[in-house]
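Novice: One structure follows; several queries about it will come next.
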Amino acid sequence: MDLRIEQLPKIRILRRPEQGFRALVERAPQAEAYTERIVEKLRPYLTWLHGARRRLATAAVGILTVWLFVHVTFGANGMVVYRAKRAEYKRLQKEIDSLQNENNRYTGQIKDLKTDPRAIEKEAREQLHYTRPGEVIYVAPAPPQPQPSATNAARK
């Protein structure tokens, strides 16, 4: 266990407010002279800036307008993206409608096959090629398969 005592920190003596104010008053002429030198160096730039303030403001508004136009048109949620999303929405809505119609048609067929004897007979005759006595069924031949065209590489 180490019981060494370190050196105590120095005690700062605070100035009285009058002393700080007196120092400020004594240095005021130097600060004014320094400020005057800086203003004299900056005077041509400040004069130019004062004269060009309308042009600068107009340019800033123009740049802001162009930036807003580009952002609204091509931004992450801009018009280009909006139109693409809207076209995709319409395409998907048409697809949903067609699938719903197909689903309704299949639902009707299932209902008919469960309840209607004529629908059951029709399906059996078409899929299983059943016939009634005395009926003749004509089946069309399958269409011929197109022959692949021979290319120059195949002929060599």
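Every read-out reported here was derived from the displayed coordinates using simple, explicitly stated rules and does not represent laboratory data. Just so we're clear, the structure is a prediction, and the values are computed from it rather than from any experiment. Virtual Cβ from ideal backbone geometry, glycine too; neighbours counted across all protein chains shown.
Novice: Per 10 Å bin from zero, what fraction in whole % of the C-alpha pairs of segment 7-87 is there, up to the bin with the longest pair?
Specialist: 13, 16, 14, 14, 14, 14, 11, 3
Novice: I would also like to ask the following. Pairing the Cα long axis of helix 53-74 with the longest principal axis of the chain, what angle in degrees results, from 0 to 90 and rounded to the nearest 10?
Specialist: Here the helix axis deviates by roughly 20 degrees.
Novice: Let me ask something additional. Per 5 Å bin from zero, what fraction in whole % of the C-alpha pairs of the chain is there, up to the bin with the longest pair?
Specialist: 1, 5, 4, 5, 4, 5, 5, 5, 6, 6, 5, 5, 4, 4, 4, 3, 3, 3, 3, 3, 4, 4, 3, 2, 1, 0, 0
Novice: On to the next question. If we count GluC sites (Glu not before Pro) as exposed when they sit in a DSSP loop and have at most 11 other beta carbons within 10 Å, what is the longest stretch of the chain that avoids them all?
Specialist: 7-134
Novice: Continuing with the same structure: For the chain, modelled as a GNM with alpha-carbon contacts under 10 angstrom, which of R43, R22, R12 fluctuates the most?
Specialist: Largest GNM mean-square fluctuation: R12.
Novice: Taking the Cα centre as origin and putting +1 on Lys and Arg beta-carbons and -1 on Asp and Glu beta-carbons, what dipole magnitude results for the chain, to the nearest 20 debye?
Specialist: With Lys and Arg at +1 and Asp and Glu at -1, about 880 debye.
Novice: Show which lysines lie in cross-link reach of K10 when reach means a straight Cα distance below 30 angstrom and same-chain residues fewer than eight apart are skipped.
Specialist: none
Novice: Can you tell me which aspartates and glutamates have their Cα less than 20 Å from the Cα of K41? Leave out same-chain residues fewer than eight positions away.
Specialist: E32
Novice: Next question, about the same structure. Would you please give the residues with an amide H less than 5 Å from that of G78, counting only those at least 5 places away or on a separate chain, with H modeled from the backbone geometry?
Specialist: So G78 has HN proximity to no qualifying residue.
Novice: So, counting K/R as plus one and D/E as minus one, what does the shell of residues with Cβ under 14 Å around Y138 add up to?
Specialist: Net charge around Y138: -1.
Novice: For D112, D97, what's the fewest-to-most ordering of other Cβ within 10 Å of each Cβ?
Specialist: The most exposed by this proxy come first: D97, D112.
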